[in-house]
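> Have a look at the structure that comes next, please.
The values are calculated or read from the model by the stated rules, or taken from the named source; none is laboratory data. This one's a predicted model, so the numbers in the text were calculated from it and none came from an experiment. Using ideal geometry, Cβ is built from the backbone for each residue, glycine included, and neighbour counts are taken over all protein chains shown. Ligands, DNA and RNA are excluded from the accessible area calculation, which covers all protein heavy atoms including side chains. Shrake-Rupley method; radii C 1.70, N 1.55, O 1.52, S 1.80 Å.
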Amino acid sequence: MEDLYSILEVPRDATQADIKKSYRKLVHQYHPDAHPGDKDIEEKFKKINAAYSVLNDPEKRARYDQFGTTGPNSDPFGGMGGMDLGDLFGDLFSQAFGSGFSSRRQYDPNSPSRGDDIEQIVHVTLLEASKGVTRDIEVMKSETCQHCSGTGAKPGTKPETCPRCHGQGQIRQTQQSFFGQFVSVTTCPDCHGTGKIIRDKCDECGGTGQVRKKHKLEVKIPAGVERNMRLRISGAGEAGRNGGKPGDLYLIIDVEVNPEFERDGADLHTSLILTYPQAVLGTETKIKLLDGTFENISVPAGTQHAQVLKIKGKGMPRVNSAIKSTGDLYAHVYIEIPKKLTDKQRELIKSLADEMKAPVSDGETGLFDRFKKWFQE
């Protein structure tokens, strides 16, 4: 018997959030659409979903932790695997008090079931994230097979009631123990819990009642979205079964890196290059914004290298803010040091150095320059 926790690659004390996170990672890794024709991947994918369906349900997980059951062939308790606790305690109460008490809950394999959710990554630029964008996307998902109307049977035929479980999808066995009667419940091995047997399968869906197709959607991504933010589109997930509601589509936002602006929540950071005179004396200059326009900025006299200047309200919009607001833009000052100077510029800087009593090199750094000076002397 394969351990469900091992299948989902989580420890037994994992939180529900840890289980969901690992499940999403494994679904992306082993999704059959990414490995067409690989039967091993398909089997692994089925196991991942089966394990998640148990461990994601607190009640099912508690039963699994207690009894260690995963299906009809995994019974480490010698016949007690899959025990219906409601039946067990119901029968004990009946024997003790003769009241006919039972907490049994009927399982209906044909009852409507909700479709699975889908996750899909959407890439946007930082500018698109700041303004919001409408994007056309394609989603590969299951839908009800129109050829057989979702029955899974070839048109002109219909599924038959499973003769083994009589359409219940489960096999229940009453056993006697020292404590009284208890009922063990296992999934029917013939119909695999569906309650139906399909003799002639639909050519389109292979008997599953669903087919996978690409669907085009137009989605609106709001201004201010951040990386890894999840946007929910209700009803755009996998189709439900037996008339059940479809699942939801979750768009995982990936905001591309911008070479000129770094984001910190709703704030943006950029660089502002100044000359030495501009930093010393102050200046009025322009700074480039995310949308390509320019904003006037006042640089105070005595601005230091690496000093940060704030331009209020020129950052990113806050997407989840109750009141519409925008972050700020922070300009990090870099003082540009010229690599080449004219003779006049060099003399002016030397004069400034002398005035400030700051010793500097005479500019004769090469061996040839020193030899020339010695020869002239």
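> Please specify each residue of the range 114-156 satisfying the condition of being part of a loop (DSSP other than H, G, I, E, B), open to solvent by 20 Å² or more (accessible area, probe 1.4 Å) and either over 22 Å from K201 (Cα atoms) or in contact with a Lys or Arg (Cβ under 7 Å, 6 or more places away or on another chain) (or both).
The answer is R114, D116, D117, T125, G132, T151, K154.
> Which of the numbered conditions does V219 fail, given that it passes all the others? Conditions: (1) of a type outside the set (D, E, K, R); (2) more than 27 Å from P159 (Cβ to Cβ); (3) modelled with pLDDT under 90.
Answer for V219: the failing condition is (3).
> From D13, D3, D57, grab the single residue that is at pLDDT 80 or above, within 32 Å of the chain's Cα centre (by Cα) and under 28 Å from R212 (Cα atoms).
Values: D13 fails: under 28 Å from R212 (Cα atoms); D3 fails: under 28 Å from R212 (Cα atoms).
Answer to the selection: D57.
> Moving to a separate point now. Search the range 218-271 for residues being of a type in the set (K, R) and buried (at least 17 other Cβ atoms within 10 Å of the Cβ), and hand back the single one that is nearest to V122 (Cα to Cα).
Residues of the range 218-271 of a type in the set (K, R): 220, 227, 230, 232, 241, 245, 263.
Okay, now just the ones that are also buried (at least 17 other Cβ atoms within 10 Å of the Cβ), so 241, 263.
Working: R241: 28, R263: 18 Å.
So, considering only residues that are of a type in the set (K, R) and buried (at least 17 other Cβ atoms within 10 Å of the Cβ), the one nearest to V122 (Cα to Cα) is R263.
> Of the conditions (1) farther than 30 Å from P317 by Cβ; (2) open to solvent by less than 50 Å² (accessible area, probe 1.4 Å); (3) β-branched (V, I, T), T194 fails just one. Which one is it?
Only one criterion in (1) farther than 30 Å from P317 by Cβ; (2) open to solvent by less than 50 Å² (accessible area, probe 1.4 Å); (3) β-branched (V, I, T) is unmet by T194, namely (2).
> Let me ask something else about it. Which members of the range 3-40 meet the condition of being of a type in the set (G, A, S) and at positive phi?
Of the range 3-40, the ones of a type in the set (G, A, S) are 6, 14, 17, 22, 34, 37.
The answer is G37, and nothing else.
> For the condition closer than 23 Å to K213 by Cβ and under 40 Å from the mean Cα position of the chain (by Cα), what is the one hit in A153, A129? Please lay out each step first, then the result.
On the way: A129 fails: closer than 23 Å to K213 by Cβ.
Answer to the check: A153.
> Considering only residues that are in a loop (DSSP other than H, G, I, E, B) and within 16 Å of D291 (Cβ to Cβ), look in the range 327-337 and name the one that is least open to solvent (accessible area, probe 1.4 Å). First the steps, then the outcome.
Let us first name the residues in the range 327-337 that are in a loop (DSSP other than H, G, I, E, B), namely 327-328, 337.
Within this subset, residues satisfying the condition of being within 16 Å of D291 (Cβ to Cβ) are 327-328.
Details: G327: 0, D328: 19 Å².
Per the stated criteria, the residue is G327.
> So, one more: Return the residues of the range 289-326 that are farther than 15 Å from S130 by Cβ and either open to solvent by less than 40 Å² (accessible area, probe 1.4 Å) or in contact with a helix residue (DSSP H, G or I) (Cβ under 8 Å, 6 or more places away or on another chain) (or both); say none if nothing qualifies.
Those that are farther than 15 Å from S130 by Cβ and either open to solvent by less than 40 Å² (accessible area, probe 1.4 Å) or in contact with a helix residue (DSSP H, G or I) (Cβ under 8 Å, 6 or more places away or on another chain) (or both): I297, V299, A301, G302, T303, Q304, H305, L309.
> Checking the conditions here, which among P159, P246, P189 is more than 30 Å from S130 (Cβ to Cβ) and more than 36 Å from the chain's Cα centre (by Cα)? Step through it out loud before you land on a result.
On the way: P246 fails: more than 36 Å from the chain's Cα centre (by Cα); P189 fails: more than 36 Å from the chain's Cα centre (by Cα).
Result of the check over P159, P246, P189: P159.
> Further question on the same structure: In this structure, is G206 assigned to a loop (DSSP other than H, G, I, E, B), small (G, A, S), within 27 Å of N49 (Cβ to Cβ) and modelled with pLDDT of 90 or more? Let's see the steps before the verdict.
Details: assigned to a loop (DSSP other than H, G, I, E, B): yes; small (G, A, S): yes; within 27 Å of N49 (Cβ to Cβ): yes; modelled with pLDDT of 90 or more: yes.
Yes: the conditions hold for G206.
> Here are Q29, Q66: which of them is surrounded by 13 or more Cβ atoms within 10 Å (Cβ to Cβ) and either out of contact with any Phe, Trp or Tyr (no Cβ under 6 Å at 6 or more places or on another chain) or modelled with pLDDT of 85 or more (or both)? Steps first, please.
Details: Q66 fails: surrounded by 13 or more Cβ atoms within 10 Å (Cβ to Cβ).
Just one listed residue meets the conditions, Q29.
> I would also like to ask the following. Within the range 140-151, can one find any residue that is within 30 Å of R227 (Cα to Cα) and either touching a helix residue (DSSP H, G or I) at 6+ places or on another chain (Cβ under 8 Å) or not charged (D, E, K, R) (or both)?
There is at least one residue in the range 140-151 that is within 30 Å of R227 (Cα to Cα) and either touching a helix residue (DSSP H, G or I) at 6+ places or on another chain (Cβ under 8 Å) or not charged (D, E, K, R) (or both).
> Something else about it: Mind checking which pairs have a first residue in the range 39-54 that is without any contact (Cβ under 8 Å) to a residue 24 or more places away in the chain and surrounded by 18 or more Cβ atoms within 10 Å (Cβ to Cβ) and a second that is in a helix (DSSP H, G or I) and not polar (S, T, N, Q), Cβ under 8 Å, 6 or more apart or different chains?
F45/V27; F45/Y30; F45/P32
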